[in-house]
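Trainee: I have a structure I would like to understand better, so I am pasting it below and will then ask my questions one at a time.
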């Protein structure tokens, strides 16, 4: 009887409200319990009541969600999750099946207990919340804290508010289909070294988190290390398609790392990190044309490796490849006259130059240096649909999905297209997609005369086969390309950025229009002696002003 009285007394306890927020009271079964303010028991049972009026579409709620609907729905979900009542939590979401699987695994597979969820102030339909939990595995425990967020939406069928389900609600590093697992890691850790033997860490080089994950995934089992106990994100099918690597979130006991040596230069990597930190949404890659060694790679944003895995229209930097095609086919020559009208129409599309400029009586070199779009579009009638694709594959080693650099990378894409899209591809629009690694390799191929697949880990480490190109540019085409890029660096759109970069140099700028963006993505690719680099600044504007200074600063550091 006394026990029942105490239980009843606990239930009568009023919720603590601090600064308008619901306070979290820890207790019961290892889970924190919400002191609910308003809403009563119905606020967290995850069920929906029905009435006769539900049969009439006119009674289905619609329009923006009220603040109360957002707060109550979030509280319903978070309270049930915190209490370990998975069916109730899942019922409050837009995908009960997926939510059930992941929330069940949160306790069973990730071994998380004592979960406390603290909501923050909603912003519209979005509710941020803080997570505190304990990872407990075979007698070893460690605290885990992180921030996440959920979004409340209306159910399309009945109009009731619900949590829009994505795996990222459970943890922001999760993509849909991923899982959380704690246990002995299947992959031992690795100690990654730069070319001078120094250890690579994210504390030194913030951009390299995804690179370190990729190195571990590829070399962990062969580098001689021993696995530790970790809480990890195990990637599902959709994440693997984007070549995302598994990720360690918390280390309960250290494994013994194996050692993997990379080609990265500590001085150049540090400089690259400093440069991208100055420009939002910037990425850069620096490599050695004579060998293919990657010397530096950095991104202003650290969640996704744009430098290696980005898939963006390269804009006019693509004209390096297109020019080799036109010269090979006798459709252009550096010092011969070449048309550069204000407009050029092909496949029903009307193309124009930046600011609608034209060059009367100019040479192809003048058109290349000033980045004349119509000089390339005008040649489309004399090209076959697959000419540019073949040139990219056979001369530059691109678009064949066979690079093996040591970590996940995207090898560029130059699909066969027709009509206006084929013409647009010549100027780096249409379906063409590249990243800074690809475009650094393009400049490296011009500088050295031969495609050498870029790599971050020497192929001698694991005897892997590097990609090759099936043919070289002719000596005539190569010499003309070097002339075009050198002239552009000295007198063309790249001249301002390349000022002060001495020696054997060449460059090309690019601006890629993207639907929905006010400013284009700015691109820049260049070489100086035995260094080649490329960069992109998304939504930055013209490449010469944005990516150009980043690339030029790295080239100045040595040849």
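The values are calculated or read from the model by the stated rules, or taken from the named source; none is laboratory data. Remember, predicted model here, so these are calculated numbers, not experimental data. Cβ placement follows ideal geometry from the backbone for every residue including glycine, while neighbour counts extend to all protein chains displayed.
Trainee: Quick check, is residue 329 surrounded by fewer than 16 Cβ atoms within 10 Å (Cβ to Cβ) and either assigned by TED's automatic domain parsing to the domain that holds residue 479 or in contact with a strand residue (DSSP E or B) (Cβ under 6 Å, 6 or more places away or on another chain) (or both)?
Mentor: It is true that residue 329 is surrounded by fewer than 16 Cβ atoms within 10 Å (Cβ to Cβ) and either assigned by TED's automatic domain parsing to the domain that holds residue 479 or in contact with a strand residue (DSSP E or B) (Cβ under 6 Å, 6 or more places away or on another chain) (or both).
Trainee: In contact with a helix residue (DSSP H, G or I) (Cβ under 7 Å, 6 or more places away or on another chain), in a strand (DSSP E or B) and farther than 30 Å from residue 229 by Cβ: does that describe residue 153?
Mentor: No: the conditions fail for residue 153.
Trainee: Can you tell me which residues in the range 244-265 are surrounded by 17 or more Cβ atoms within 10 Å (Cβ to Cβ) and in a loop (DSSP other than H, G, I, E, B)?
Mentor: Correct list: 244, 245, 246, 255, 257, 262, 263, 264, 265.
Trainee: If I ask for residues that are closer than 17 Å to residue 92 by Cα and part of a loop (DSSP other than H, G, I, E, B), which ones from the range 121-141 would you list? Steps first, please.
Mentor: Taking the range 121-141 first, the residues closer than 17 Å to residue 92 by Cα are 125-129.
Hit for the range 121-141 is 125, nothing else.
Trainee: List the pairs whose first member sits in the range 364-390 and is on the phi > 0 side of the Ramachandran plot, whose second member is assigned to a helix (DSSP H, G or I) and surrounded by 22 or more Cβ atoms within 10 Å (Cβ to Cβ), and whose Cβ atoms are under 6 Å apart, counting only residues at least 6 apart or on separate chains?
Mentor: Final answer for the pair search is 371/316.
One line per residue, one yes/no per condition, for (1) in contact with a strand residue (DSSP E or B) (Cβ under 6 Å, 6 or more places away or on another chain); (2) surrounded by fewer than 23 Cβ atoms within 10 Å (Cβ to Cβ); (3) farther than 21 Å from residue 474 by Cα:
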residue: 367; (1), (2), (3): yes, no, yes
residue: 374; (1), (2), (3): yes, no, yes
residue: 386; (1), (2), (3): no, yes, no
residue: 394; (1), (2), (3): no, yes, no
residue: 397; (1), (2), (3): no, no, no
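Trainee: Right, another one. Among the numbered criteria (1) touching a residue at least 24 places away in the same chain (Cβ under 8 Å); (2) part of a loop (DSSP other than H, G, I, E, B), which one does residue 144 miss?
Mentor: The failed condition is (2).
Trainee: Additional query: Residues of the range 83-102 being within 21 Å of residue 132 (Cα to Cα) and surrounded by 24 or more Cβ atoms within 10 Å (Cβ to Cβ), which ones?
Mentor: Passing the criteria: 89, 90, 99, 102.
Trainee: Moving on. Given the conditions (1) buried (at least 20 other Cβ atoms within 10 Å of the Cβ); (2) over 23 Å from the mean Cα position of the chain (by Cα); (3) within 30 Å of residue 550 (Cα to Cα); (4) outside the structural domain of residue 458 (by TED's automatic domain parsing), and given that residue 211 satisfies all but one, which numbered condition is not satisfied?
Mentor: Just one mismatch for residue 211, condition (2).
Trainee: Could you say which residue among 151, 182, 202 is under 25 Å from residue 305 (Cα atoms) and modelled with pLDDT of 95 or more?
Mentor: Exactly one residue qualifies, and that residue is 202.
Trainee: Would you list the strands (runs of 3 or more DSSP E) that sit entirely within the range 283-383 and hold 3 or more residues that are at pLDDT 95 or above and within 26 Å of residue 496 (Cβ to Cβ)?
Mentor: Filter on the range 283-383 gives 294-299.
Trainee: Surrounded by 17 or more Cβ atoms within 10 Å (Cβ to Cβ) and either assigned by TED's automatic domain parsing to the domain that holds residue 138 or under 26 Å from residue 274 (Cα atoms) (or both): does that describe residue 233?
Mentor: For residue 233, the condition - surrounded by 17 or more Cβ atoms within 10 Å (Cβ to Cβ) and either assigned by TED's automatic domain parsing to the domain that holds residue 138 or under 26 Å from residue 274 (Cα atoms) (or both) - is not met.
Trainee: While we're looking at this one, here's another question. Kindly establish whether residue 347 is under 27 Å from the mean Cα position of the chain (by Cα), assigned by TED's automatic domain parsing to the domain that holds residue 534, surrounded by fewer than 20 Cβ atoms within 10 Å (Cβ to Cβ) and over 21 Å from residue 542 (Cα atoms).
Mentor: Working: under 27 Å from the mean Cα position of the chain (by Cα): no; assigned by TED's automatic domain parsing to the domain that holds residue 534: yes; surrounded by fewer than 20 Cβ atoms within 10 Å (Cβ to Cβ): yes; over 21 Å from residue 542 (Cα atoms): yes.
The answer is no for residue 347.
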